[in-house]
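Everything below concerns the one structure shown next.
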Amino acid sequence: MFTVALYGVGEINKLVARELVRRGIEIVAAIDIDPNKVGKDLGQLVGIGKDLGVTVVDYDDVLLDTQPDIVVHATGSFLDKVFDQIINSVRAGCNVISTCETLTYPWYRYPVLARLIDEEAVKYGVTVLSTGINPGFLLDTLPSVLTLPVFEVKRIVAIRVSNAGKRRQSFRKKIGLGLPIEEVKEGLKKGELTGHVGCAESVLLIADKLGIQPSKVVEFQEPIEAKEDIEVGGIKVGKGYNLGIRSIGVAYVDNEEFIRVEFIAKLTKDEYEEIVIEGNPTLKWRSEGTPGDEGTAAILINLLPEVLDAPAGLITMNDLNYLANTEAVVGIGKS
């Protein structure tokens, strides 16, 4: 059996902690900078109802003291902001599985940081992977897998619609739910509202898995204006105000759209994921919605053994052994 440390004790890692305890996997350390969490026993903090004997601290050296086999890292979306947390975990000799969206395919935004992490991970003999429900699975890994029963792939379109009203307040805040449209546009422009992070990473993960070199990658976000007053689950948004965010990533090959992913987070009663693989034959897959936080926590936990068994270095979901090689099915330019 292996041991785990939690880096960040937010909503995702609270779910992780409860499930690890249920499975009998030992948690040996927990790190968070929130003064309301530091000094508290992890068990009480995550709602288990009993002490685990693990005190939340605000320093990385606890990893050197406890020597966990793997760190479950869930603190931020942008690699430049969490780089020190990742690299310090690696230098403590720990494998890392993270929810950092831009680390799922870091060579797009942070090629230098990606190289440094890979070099240090190899040096210390550990593995670093970032994943989650999105990016990490629904709009990249799953579409890649769904190309398997297709002879030739002409185009891939993956869409996820999520009810923002069911998500935690921090998520609703980052998409500007209920704010004036112009305020949301300005917030996205200034980076005060992040919206969804990871559409470009998702299209590049698909392209990488299929052996494609995109000629261009485009990513953008736009607010969704409510056309009428709407109320879902007790949350109200007035006509003309922001209903949510549409995040889009597109990869082009020879100036033609080849991969499109869309994540629509808005106040809605209808949730679903839909993936269409256009080709020979064309395939369509549709679900009735996947819980985001629970799904992410489950992926993190279920992939712990895979990360521990993987070669040292910085890897992506495409490097894990359970994913079949789909490179041969791509039919770009074929009749």
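What number goes with the only condition from (1) assigned to a helix (DSSP H, G or I); (2) under 15 Å from F263 (Cβ atoms) that R160 does not pass?
Failed condition: (1).
Restricting attention to segment 189-204, report how many residues are in a helix (DSSP H, G or I) and crowded, with 21+ Cβ neighbours inside 10 Å.
The number of residues fulfilling the criteria is 6.
Scan (1) out of contact with any Cys (no Cβ under 7 Å at 6 or more places or on another chain); (2) touching a residue at least 24 places away in the same chain (Cβ under 8 Å) for the single condition K227 breaks and write down its number.
All conditions pass for K227, except number (2).
Go through the residues of segment 247-268 one by one and say whether even a single one is assigned to a loop (DSSP other than H, G, I, E, B) and touching a strand residue (DSSP E or B) at 6+ places or on another chain (Cβ under 6 Å).
yes
Scanning segment 73-109 for residues that are in a loop (DSSP other than H, G, I, E, B) and more than 16 Å from the chain's Cα centre (by Cα), which turns out nearest to Y59 (Cα to Cα)?
Once the filter is applied, the top-ranked residue is A92.
Results for (1) in contact with an Asp or Glu (Cβ under 8 Å, 6 or more places away or on another chain); (2) at pLDDT 95 or above, shown as yes or no for each residue.
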site: G244; (1), (2): no, no
site: Y252; (1), (2): no, yes
site: T290; (1), (2): yes, no
site: I315; (1), (2): no, yes
site: S335; (1), (2): no, no
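Exactly one of (1) among the hydrophobic types (A, V, I, L, M, F, W, C); (2) buried (at least 21 other Cβ atoms within 10 Å of the Cβ); (3) out of contact with any Leu (no Cβ under 8 Å at 6 or more places or on another chain); (4) not in a strand (DSSP E or B) is unmet by L177. Its number?
(3)
Where residues in segment 123-136 are part of a loop (DSSP other than H, G, I, E, B) and under 8 Å from the mean Cα position of the chain (by Cα), which of them is farthest from F263 (Cα to Cα)?
Across segment 123-136, the extreme among qualifying residues is T131.
Can you tell me which residues in segment 197-226 are in contact with a helix residue (DSSP H, G or I) (Cβ under 6 Å, 6 or more places away or on another chain) and among the acidic types (D, E)?
Selection gives D208, E219, E225.
On the basis of being outside the structural domain of G240 (by TED's automatic domain parsing) and either closer than 22 Å to Y272 by Cβ or at pLDDT below 95 (or both), does E101 make the cut?
yes
Would you check if there is a residue in segment 227-249 being in contact with a helix residue (DSSP H, G or I) (Cβ under 9 Å, 6 or more places away or on another chain), within 30 Å of V150 (Cβ to Cβ) and of a type in the set (F, W, Y)?
Within segment 227-249, not a single residue is in contact with a helix residue (DSSP H, G or I) (Cβ under 9 Å, 6 or more places away or on another chain), within 30 Å of V150 (Cβ to Cβ) and of a type in the set (F, W, Y).
Just the residues that are among the acidic types (D, E) and outside any loop (DSSP other than H, G, I, E, B), please, taken from segment 137-157.
Correct list: E152 only.
Take segment 23-38 and flag every residue that is basic (K, R) and touching a Leu at 6+ places or on another chain (Cβ under 7 Å).
K37
Scanning segment 1-27 for residues that are part of a loop (DSSP other than H, G, I, E, B) and over 20 Å from the mean Cα position of the chain (by Cα), which turns out nearest to L304 (Cα to Cα)?
Once the filter is applied, the top-ranked residue is F2.
Pairs under 8 Å by beta carbon, first residue touching a residue at least 40 places away in the same chain (Cβ under 8 Å) and farther than 23 Å from T290 by Cα in segment 138-153, partner small (G, A, S) and assigned to a loop (DSSP other than H, G, I, E, B), six or more apart or different chains?
Short answer, once both residue conditions are applied: F151/G331; E152/G331; V153/G331.
Which residue, of E152, E183, is assigned by TED's automatic domain parsing to the domain that holds T282, surrounded by fewer than 20 Cβ atoms within 10 Å (Cβ to Cβ), over 30 Å from L243 (Cα atoms) and of a type in the set (D, E, K, R)?
So the residue among E152, E183 that is assigned by TED's automatic domain parsing to the domain that holds T282, surrounded by fewer than 20 Cβ atoms within 10 Å (Cβ to Cβ), over 30 Å from L243 (Cα atoms) and of a type in the set (D, E, K, R) is E152.
Can you tell me which residue is surrounded by the most Cβ atoms within 10 Å (Cβ to Cβ) among those in segment 77-87 that are closer than 25 Å to F2 by Cα and out of contact with any Cys (no Cβ under 6 Å at 6 or more places or on another chain)?
I86
Quick one: in segment 210-246, of everything that is of a type in the set (K, R) and either in contact with a Leu (Cβ under 9 Å, 6 or more places away or on another chain) or assigned to a strand (DSSP E or B) (or both), which residue is surrounded by the fewest Cβ atoms within 10 Å (Cβ to Cβ)?
Across segment 210-246, the extreme among qualifying residues is K227.
Considering only segment 155-174, state which residues are closer than 27 Å to I212 by Cα, surrounded by fewer than 23 Cβ atoms within 10 Å (Cβ to Cβ) and among the basic types (K, R).
R155
The values are calculated or read from the model by the stated rules, or taken from the named source; none is laboratory data. Only a predicted model underlies this, so the values are computations on that prediction, with no experimental measurement involved. Because the Cβ atoms are built from the backbone with ideal geometry, glycine has one as well, and the counts that use them run over all protein chains shown.
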